[in-house]
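The values are calculated or read from the model by the stated rules, or taken from the named source; none is laboratory data. Note that the structure is a prediction, hence the values are computed from the model and not measured. A quick note on method: Cβ atoms are made from the backbone with ideal geometry, for glycine too, and the neighbour counts reach across all protein chains shown. In case anyone asks, the SASA skips ligands and DNA or RNA and just uses the protein heavy atoms, side chains included. Shrake-Rupley method; radii C 1.70, N 1.55, O 1.52, S 1.80 Å.
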Amino acid sequence: MESMQPPHKVVDRHFSAPPGKVGLLYGEKRVYSLGMLITAEMLMHTRSVVFVDGANRVDPYLLARLARLRRIDPYSFLERAYVTRAYTFYQMDVSITDGLTEFVRGVGSRVVIVYGPIDLLDDDQVPAADAAEILRRVHGTLAQLKGSGVSTLLVSSFPRFRLKERERFFDTVRDMSDVQYRLERRTDRHHIILEEHHDGKDHADRDHAHPVRREQLVAVPPGIAERRPGRP
Amino acid sequence: MTVTGWLFDAYATEHGATVWLIDVDGRRHRLRYPFRPAFYMNLTKDEERFLHSVRGRLPGEVALRRVSKRQLYSRAAVEVLEVSVQNPLLFQRTVHALSKHFNFYKFYGADIKAMQLFYYTTRLFPLAYGEYETEGETLTRWTLLDEPGSDRYDVPDLTVMTMTPSMKLFAPKYQRSLEIEIAVDGVTRVLQQSDPLELLQQVDHYLRRYDPDILLTEYGDASLLPLLASLAQQHRFPLALNRDPEAPYITTKPVSYFSYGSIKHRDGVFELAGRWHLDKENSFIMGEADLEGLYDLSRLSQIGVQHQARTSIGSALSSMQIAWAYRNDVLVPYKRPVKEAFKSFATLLKADRGGLHFMPPKGYHEEVAELDFASMYPSLMRNHNISSETIDCVCCPDAKHRVPELGYRLCEKHTGFIPATLEPILRKRAKYKQMKKNAPTEELRRKYDRMQTGLKWILVTCFGYLGFKKSRMGRIEAHESVNAFAREGLLRAKEIAEAEGFTLVHAIVDCVWLKKEGAVRADYERLAERIGAEVGVRISLEGIYRWILFPASKMDDDIPTATRYVGVYDTGEMKVRGLEVRRRDTTKYVKRMQNEMLAVLARGRSIAEVRALVPDALGVVRSFAEELRRGSVSPFDLVVRRHISKDPYEYANRSVNAVVSQALAEAGVQLSAGESVEYIITDASGKRDPQKAKPLALYALDDGYDAAKYTEMLCDAAETLLGPFGWTKERIREMLDPVTVKRPAGRAAARRAAKERQLSLVLR
Ligand SMILES: [Zn+2]
């Protein structure tokens, strides 16, 4: 099934309802700008979005521009998007497992976006055993959020690691998610591919459960997610 | 018995620590000190029972007891289990064994070296002067008559023996045979390796005869000492490298490792017991601050002198912070850092701004004064009590003291650990600068300069972004806060200056360049005093420039770059920052040319006079280019140095780095990612010669060099200085008559440089 809907709208619509799920958006580097587009879309109908940034890709300037494109005061977006940044995988651990659920509850948010959930694992100084333990704890927190009706979108570019054996942790992250959106470039267009979907039994609201769909293609007009953000 | 003297060396043994003292009469004493390093664990009752049950299966014996400590960030008291390891050599293995049963976040202070724990818990420090009590061969207690932060102290007379490869052109790694030069007591001897056993006997003879406290080498870590040690082992020869015959060497292998997105290389380490091995080629701090600076840093950081010489400068401050934690019964986080507080994107935009820059109009300016804040960032952290645990602390919810723009609260009850550790450094550095100013002799002046330089490096390198976002006790908000105060300070300085009729020409982070018609030294000094008083950080007049140049950026022609400039003070002295002459990746030849051009331009006392000197400066360029074309430039002046990012055979392309490191690998020189290579460009395009460049060690004179490529480099460097007068690099190249020179006249060059006999000794 192919359509010309903008991808961020499609992902937002598909991901936002029903609440209480874990999604994975992955693909090439521009998934991060796509993530900002999705955020802007979400901020049109949700109270706030909370980021954990392990990829150093959160971009307030782009979000401000996206607000202006929608004729909205940039500060109304900038003040409703929150972030904590991580520069080591251990910081990633504390950012998610220590205080995230409380913060999310405090600001009344229904969405958490995690940029680069495993990007910081390409590091000799994080033993594989610690990595596995941290991911286990992260999974626990995501389940807790899910239980309280908060959705988490994990956003990851294809990890190309120098420490090759670390790339397998991508599978761990994939296994945490209920739904995966793959951004892919085919010939001159970008496509969003919905890879797999749980039957909905994990969802808080059974009635809104989606049927299993194998693949949904969304063509992305070339360049939509490519523009580099400039300063406002 | 009481030994009055200095703590010289200390290292871990299976029974505790061996401590060497040097007494006031110059006698050396080797003593034992019973010492049990400990780490801490925060366990539930069940986990604690489990720990007791696995205790017997640990690598060595441990003692367990409950102790009360404080958490770093919340200051909350917490009861933890202290795990003391009976054999210090098994400390890391014990942690490792336990981490198979317990998650990493249960541990505190578990990755600190046993010897560092010795210094932190005993509060001893290298070269500490005091009265040490001994019973037999055991050190029992001591009274220190000295403290780490002291700025006046004596150092014992230390015997130094230098040991260097006698062929200094190349690192020994590139050499097939070895000659060692030993110098002690003002006499130099050359030892040859014709017969290894003989060489060992000679080295041993001098070691035993002079029993040096310091073995000062070049390449001792990477090759000299490992080579001698392995020869000694092969021949079962008891070589007296160590002063302590019972102790092993303390060695690590060279490694390339990958961290935070970049490849790093660390040379191996070869440290001695009871004697210091210092390798000039493997010590940043000795290059900057010599032995005096090293001793001073070591005392302050409580890191053994041999180790301090080799470790990164950042670890000195980090060590002082950990020492603070042990003094204050605070748990040191293990792996688990503090996270960044959640902030809105709106706050992030304000917080992320970094230091303030006002871009200067590019080109030449005259009669401009420069005012510099002294140690601005550390001073602000001390003045405003900025520290990881003082920002938005739990104890001061209503704190009045806030960070400008960002509004973070700052603790008003407790001094943070960052200000506490900075205080002695700032105080000492100010004192050394003053002592340098008042020094009666040139020798003393230089000594205090070296000592203040060592401290300067701690202050400079530790306040980068990295220091905060990745260090175990750092916190990003501390970095944001100090930046916010710095921006406020700089803006305030600008306002004050402008209110007094000065014009701001340029400002970066902690320096301002100002101008006022007819202003003299006294006017600027008065202004500095006023700014200093209002901002709370000392600022002083660095000098008044006759002229100063802010060159255009090499990336974008229209913007000058903030940190590149050259100027001539009214004293005739020149100051250069960031230009080619100051850059590590510039060849000697280009540096020489730019230096000569600068010497010409420095004669100008105004912009008009500098303009008049442009033809002379172009003459310099012409003569350098001609020498290149004639092929008579010494290839050693054309050496390019670059870091390689991959192991030689990991390169998929034919870049110069790739061909050079592969050529070296074929010649048997093992290089790994992160190391640097030196080469001479023979054909940058690769059209005539696919080899493109020759590694220095394999270079033969008839290889020639790529004159056109090197001429291009000259033009680039010339444009930096003459661009404002319309001399772009294209115009300069045209002036030079663009005949491409294929190869230099090989024979003439060969004759000239045949004298450089070193080459023939290398590898071929
Ligand atoms: Zn407080």
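Quick notes on this structure:
- Near pairs, Cβ below 6 angstrom, 6+ apart or cross-chain, from segment B:127-139 (more than 20 Å from B:ARG299 (Cα to Cα) and in a strand (DSSP E or B)) to any residue that is open to solvent by 10 Å² or more (accessible area, probe 1.4 Å) and modelled with pLDDT under 95: B:THR134/B:MET1
- Contact map, segment B:593-616: residues that are without any contact (Cβ under 8 Å) to a residue 12 or more places away in the chain and of a type in the set (Asp, Glu) paired with residues that are open to solvent by less than 80 Å² (accessible area, probe 1.4 Å) and not in a helix (DSSP H, G or I), Cβ distance under 9 Å, separation 6+ or inter-chain. Pairs shown: B:GLU609/B:ARG546; B:GLU609/B:TRP547.
- In segment B:77-99, the residues that are open to solvent by 10 Å² or more (accessible area, probe 1.4 Å) and touching a helix residue (DSSP H, G or I) at 6+ places or on another chain (Cβ under 6 Å): none
- Residue, farthest from the ligand (Cβ to nearest atom), within segment B:404-432, restricted to residues that are surrounded by 23 or more Cβ atoms within 10 Å (Cβ to Cβ) and among the β-branched types (Val, Ile, Thr): B:ILE425
Yes/no matrix, rows are residues, columns are (1) within 26 Å of A:LEU34 (Cβ to Cβ); (2) open to solvent by less than 10 Å² (accessible area, probe 1.4 Å); (3) in contact with a Leu (Cβ under 7 Å, 6 or more places away or on another chain); (4) modelled with pLDDT of 95 or more:
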site	(1), (2), (3), (4)
A:ILE113	yes, yes, yes, yes
A:ASP122	yes, no, yes, no
A:PRO127	no, no, no, no
A:SER151	yes, yes, no, yes
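- Test: residue in segment B:458-473 that is touching a residue at least 40 places away in the same chain (Cβ under 8 Å), away from the ligand (no atom under 16 Å from the Cβ), of a type in the set (Gly, Ala, Ser) and in contact with a His (Cβ under 9 Å, 6 or more places away or on another chain): yes
- In the set (1) touching a residue at least 60 places away in the same chain (Cβ under 8 Å); (2) in a loop (DSSP other than H, G, I, E, B); (3) over 30 Å from B:TYR129 (Cβ atoms), the condition left unmet by B:HIS101 is number (1).
- Residue in segment B:38-51 that is among the hydrophobic types (A, V, I, L, M, F, W, C), in a loop (DSSP other than H, G, I, E, B) and more than 36 Å from the chain's Cα centre (by Cα) present: yes
- Residue that is among the aliphatic types (A, V, I, L, M), more than 13 Å from B:ARG641 (Cβ to Cβ) and touching a Pro at 6+ places or on another chain (Cβ under 9 Å), where the choices are B:ALA684, B:ALA665: B:ALA665
- Residues of segment B:338-371 classified as of a type outside the set (A, V, I, L, M, F, W, C), open to solvent by 40 Å² or more (accessible area, probe 1.4 Å) and either closer than 30 Å to B:GLY726 by Cβ or within 29 Å of the chain's Cα centre (by Cα) (or both), total: 8
- Condition met for B:ALA439 (aliphatic (A, V, I, L, M), in a loop (DSSP other than H, G, I, E, B) and more than 16 Å from the ligand (Cβ to nearest atom)): yes
- Among the helices (runs of 4 or more DSSP H) confined to segment B:302-416, the ones with at least 2 residues that are away from every other protein chain (no Cβ under 14 Å) are located at B:305-310, B:314-327, B:376-383.
- Residues (within 7 Å of another protein chain (Cβ to nearest Cβ) and out of contact with any Lys or Arg (no Cβ under 6 Å at 6 or more places or on another chain)) located in segment A:94-115: A:ASP98, A:PHE103
- Segment B:275-290, residues that are at pLDDT below 95 and either surrounded by fewer than 20 Cβ atoms within 10 Å (Cβ to Cβ) or closer than 22 Å to B:THR122 by Cβ (or both): B:LYS280, B:GLU281, B:SER283, B:PHE284, B:GLY287, B:GLU288, B:ASP290
- Top-ranked residue of segment B:394-403 - restricted to ones that are within 10 Å of the ligand (Cβ to nearest atom) and either in contact with a Ser or Thr (Cβ under 7 Å, 6 or more places away or on another chain) or in contact (Cβ under 8 Å) with a residue 40 or more places away in the chain (or both), ranked as most open to solvent (accessible area, probe 1.4 Å): B:VAL394
- B:ARG538 outside the structural domain of B:ARG382 (by TED's automatic domain parsing) and out of contact with any Asp or Glu (no Cβ under 8 Å at 6 or more places or on another chain): no
- Checking B:GLN302, B:GLN321 one by one, the residue that is open to solvent by 10 Å² or more (accessible area, probe 1.4 Å) and closer than 30 Å to A:LEU100 by Cβ is B:GLN321 and no other.
- Checking each residue in segment B:533-549 for being open to solvent by 10 Å² or more (accessible area, probe 1.4 Å) and in contact (Cβ under 8 Å) with a residue 40 or more places away in the chain picks out B:GLU534, B:VAL535, B:GLY536, B:ARG538, B:ILE539, B:SER540, B:LEU541, B:GLU542, B:ILE544, B:ARG546.
- For segment A:18-75, filtering for residues that are of a type in the set (Phe, Trp, Tyr) and surrounded by 22 or more Cβ atoms within 10 Å (Cβ to Cβ) leaves 3.
- Condition check for B:THR563 on (1) in a loop (DSSP other than H, G, I, E, B); (2) touching a Ser or Thr at 6+ places or on another chain (Cβ under 9 Å): one failure, at (2).
- So B:GLU495, is it in contact with a Pro (Cβ under 9 Å, 6 or more places away or on another chain) and either part of a helix (DSSP H, G or I) or polar (S, T, N, Q) (or both): no
- From the list B:GLU367, B:GLU389, the one residue that fits, being more than 10 Å from the ligand (Cβ to nearest atom) and touching a residue at least 60 places away in the same chain (Cβ under 8 Å), is B:GLU367.
- Within segment A:116-131, the set of residues being within 8 Å of chain B (Cβ to nearest Cβ) and touching a strand residue (DSSP E or B) at 6+ places or on another chain (Cβ under 9 Å) comprises A:ASP122, A:ASP123, A:ASP124, A:GLN125.
- Total residues in segment A:102-119, condition under 13 Å from the mean Cα position of the chain (by Cα) and among the aromatic types (Phe, Trp, Tyr): 1
- Spans of helices (runs of 4 or more DSSP H) in segment A:1-82 with at least 3 residues within 14 Å of chain B (Cβ to nearest Cβ) and over 15 Å from A:HIS190 (Cβ atoms): A:31-43, A:60-69, A:74-78
- Among the residues of segment B:100-121, the ones that are within 13 Å of chain A (Cβ to nearest Cβ) and either surrounded by fewer than 21 Cβ atoms within 10 Å (Cβ to Cβ) or more than 30 Å from B:TRP20 (Cβ to Cβ) (or both) come to 9 in all.
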